[in-house]
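First up is the structure itself, then whatever we jot down about it.
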Amino acid sequence: MEYNLAAPCHFGLESVVKFELQRIGAKDINATDGRVTFCGDEQMIAKANIRLATAERVRIILLECYAESFSELIESLDEIPWEDYIGRDEAFQVKGSSLDSTLSSVPRLQATIKKSAVLRLCEKYGMTSCPETGAMHQIEFTIRKNAISVYLDTSGEGLHKRGYRRNSNAAPIKETLASGIIDLARIRKAGTVIDPFCGSGTILIESVFKVCNIAPGLNRRFAAERWGMFHPEIWQKEREAAKSEINKEADFKAFGFDNDPECVELTLQNSKIAGIINRVTVKNEDIKHFKQTDGVVITNPPYGERLLEIREAEKLYRVMGERFAADRDHPAFIISPHEEFEKFFGKKAIKKRKLYNGMMKCFLYMYY
Ligand SMILES: C[S@@+](CC[C@H](N)C(=O)[O-])C[C@H]1O[C@@H](n2cnc3c(N)ncnc32)[C@H](O)[C@@H]1O
C-alpha cells in the first residue's frame with residue numbers, strides 16, 4: 001500500500017531533507033515551509049525513520065482539507081478509513097494546534113477527531129466501544145488559516161532522539177539541526193571536522209554518522225513497529241540493510257574542544273554510547289588557544305541569551321575572529337542567532353543562511 005507521507009523539519013532545512021529523501025528513493029517529494037511531503041510504502045516508512053538524519057519525524061497524512069465549521073470538518077473526517085490504520089484493540093490519542101483559524105478550540109477539535117475515529121472503528125469492527133488496550137497510535141492535527149491536516153505519527157519519540165545523548169550540557173544543539181548544518185557544509189567524505197565549542201559532542205557525533213553512513217535511527221525503536229498493520233520483518237530488514245551500508249573504512253576524524261572539563265567528559269561518554277569513540281578526540285581547551293591547521297570547523301558558540309550575557313558572547317566572537325582563519329583553506333560554519341556576528345568576528349561570511357533552532361531565528365555564517 002502506498003501512503004502519503006510528511007516529514008516535518010526545522011525551518012530552513014527543507015532542501016536538505018528533500019535531498020535525504022531523494023537519496024533513499026522516496027517518490028513525489030515536495031518541500032514547503034517546515035515540511036517535506038513524499039510517497040512510499042511500509043518499507044519507505046521504515047527506511048525514512050531509520051535513515052533520515054535531518055527530519056523531525058515521519059507522519060502518514062490522513063486528511064488535508066479546508067473547514068470553517070465543525071460540520072464541514074466532520075464531513076471530511078468521515079472519509080478517513082481509520083480501520084486501515086488502527087486495529088480492533090489498538091489505542092489512539094489526538095493532539096494538535098490551531099492558528100489563525102475559525103476552528104480555534106483545540107480540546108473541541110481533539111474530541112471531534114477522536115469521536116470520528118471511534119464511531120467508524122465501532123461500526124467496522126462491530127463493537128459498542130473501543131477497548132484501546134493495544135499499541136498506541138498518535139493522531140496529530142494542525143490548522144493554519146482554516147487549512148487542516150490530520151496525521152498519524154509513525155516515529156514515536158522525535159527522530160532527534162538517536163539514543164546517544166543520555167546527558168546534556170546547558171545548551172545542546174538539536175541532533176537534526178546539527179546534521180542539517182553538516183550537510184550544508186558539504187561534509188560527506190574523508191577529512192576532519194572540528195568543533196571548538198563541542199559541549200556534549202553533538203556536531204562531532206553527527207559528522208561521524210554522516211561520513212561513515214551510520215543511520216541515526218539504527219539503535220532505537222519507532223511507534224509504528226508495534227502496530228498490527230505493519231510487519232516487523234520489514235523493519236528488521238531495513239535495519240540490517242542500513243547496518244550493512246556503514247562505511248567502516250572512511251578516513252575521517254572529529255576533534256572537539258571545550259573549556260569546561262565536564263563537557264569534555266560528556267562528549268567522550270556520548271561518543272562511546274554512539275559507538276564512534278575511536279573517531280573522536282576531545283581536549284579541555286579555551287578558544288583563546290585554538291588553532292585550525294586543517295579540517296572544517298562546524299560550531300555553535302555560546303548564544304548569549306542562554307549561556308553567557310550577550311556582551312560576553314560578543315567578546316568570544318572577537319576571539320574566534322582572531323583564532324579562525326575562516327577562508328578557503330580553513331572553512332568554518334558557525335551558527336548563531338546574533339544578527340551582527342560578522343561585525344564582532346571581523347569577517348564577512350561568503351554566505352549567510354537563515355535557520356530556525358526551534359523558535360529561535362539563527363544564521364549559519366558560512367566561510368569557505
Ligand atoms: C552552545 S554550547 C555548545 C553545545 C554543543 N554544540 C552541543 O550540542 O552540546 C557552547 C559550549 O561552549 C563552551 N565554551 C564557553 N566558553 C568557551 C571558551 N571560552 N572556550 C571554549 N569553550 C567554551 C561551553 O562550555 C559550552 O559547552
Working from Cα positions, state the angle (0 to 90°, nearest 10) between the long axis of helix 202-211 and the longest principal axis of the chain. 80
Could you calculate the FRET efficiency of ALA171 with ARG144 from 1/(1 + (r/R0)^6), where r is the beta carbon distance between them and R0 is 25 Å, rounded to 0.05? 0.25
Would you compute, from DSSP H runs of 4+ residues alone, the mean residue ellipticity of the chain at 222 nm, taking -39500 (n - 2.57) per run and dividing by the full residue count, rounded to the nearest 500? -9500 deg cm²/dmol
What are the equivalent ellipsoid semi-axes of segment 156-213, built from the alpha-carbon gyration tensor (square roots of five times its eigenvalues), in whole angstrom, biggest first? 19, 14, 10
Summarise the accessible area of the chain (1.4 Å probe, protein heavy atoms) by the percent that is carbon and sulfur. 48
Given C-alpha coordinates of the chain, what is the ratio Rg to Rh with the Kirkwood estimate of Rh? 1.02
Charge dipole magnitude, Cβ of K and R +1, D and E -1 - the chain, Cα centre, debye nearest 20: 1060
Full-extension gain in nm, ASP28 to THR133, via 0.36 nm per residue minus C-alpha separation: 34.2 nm
Kirkwood hydrodynamic radius over Cα pairs of segment 246-368, then Stokes diffusion coefficient at 4 °C and 1.567 mPa s, in µm²/s: 83
Proportion of all alpha-carbon pairs of segment 1-71 beyond 21 Å (%): 23
Please work out the average accessible area per residue across segment 1-146, using the 1.4 Å probe convention, and give it in Å². 46
Report P(r) for segment 3-153: all Cα-Cα distances, bin width 5 Å, range 0 to the bin holding the largest distance, values in whole percent. 2, 9, 18, 20, 18, 16, 12, 5, 1, 0
At a Förster radius of 25 Å, what calculated FRET efficiency corresponds to the Cβ-Cβ distance of LYS291 and LYS351, to the nearest 0.05? 0.55
Nearby lysines by direct alpha-carbon distance to LYS283 (threshold 19 angstrom, same-chain neighbours under 8 apart not counted): LYS253, LYS272, LYS291
Could you size up the charge dipole of segment 3-153 around its Cα centre, putting +1 on the beta carbon of Lys and Arg and -1 on that of Asp and Glu, and report it in debye to the nearest 20? 380
Do the alpha carbons of any pairs in LYS315/LYS354; LYS27/LYS243; LYS315/LYS351; LYS95/LYS115; LYS174/LYS343; LYS27/LYS115 sit beyond 21 Å of each other, and which pairs? LYS315/LYS354; LYS27/LYS243; LYS315/LYS351; LYS174/LYS343; LYS27/LYS115
For LYS248, list the aspartates and glutamates whose Cα falls under 16 Å from its own Cα; do not include residues on the same chain fewer than 8 positions away. GLU206, GLU240
Taking only protein heavy atoms into account and a 1.4 Å probe, give the accessible area per residue of segment 214-313 in Å². 56
Just the number, please: percent antiparallel of the DSSP beta bridges in the chain, rounded to the nearest 5. 60
Net length gained if the chain between GLU340 and GLU262 were fully extended (0.36 nm per residue, minus Cα distance): 25.1 nm
Extension reserve of the LYS115-MET359 stretch, reckoned as 0.36 nm per residue once the Cα distance is removed: 84.6 nm
On the formula 1/(1 + (r/R0)^6), with r taken between the Cβ atoms of ASP78 and ILE246 and R0 of 56 Å, the FRET efficiency rounded to 0.05 is 0.75
Normalised Cα Rg of segment 111-158, dividing by 2.2 N^0.38 Å with N its residue count, works out at 1.36
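The values are calculated or read from the model by the stated rules, or taken from the named source; none is laboratory data. Note that the structure is predicted; figures quoted are calculated from it, not measured. Cβ coordinates were reconstructed from backbone atoms using ideal geometry, including for glycine residues, and neighbour counts include every protein chain displayed. These accessible areas exclude ligands, DNA and RNA; they are computed on the full protein's heavy atoms, side chains included. Shrake-Rupley method; radii C 1.70, N 1.55, O 1.52, S 1.80 Å.
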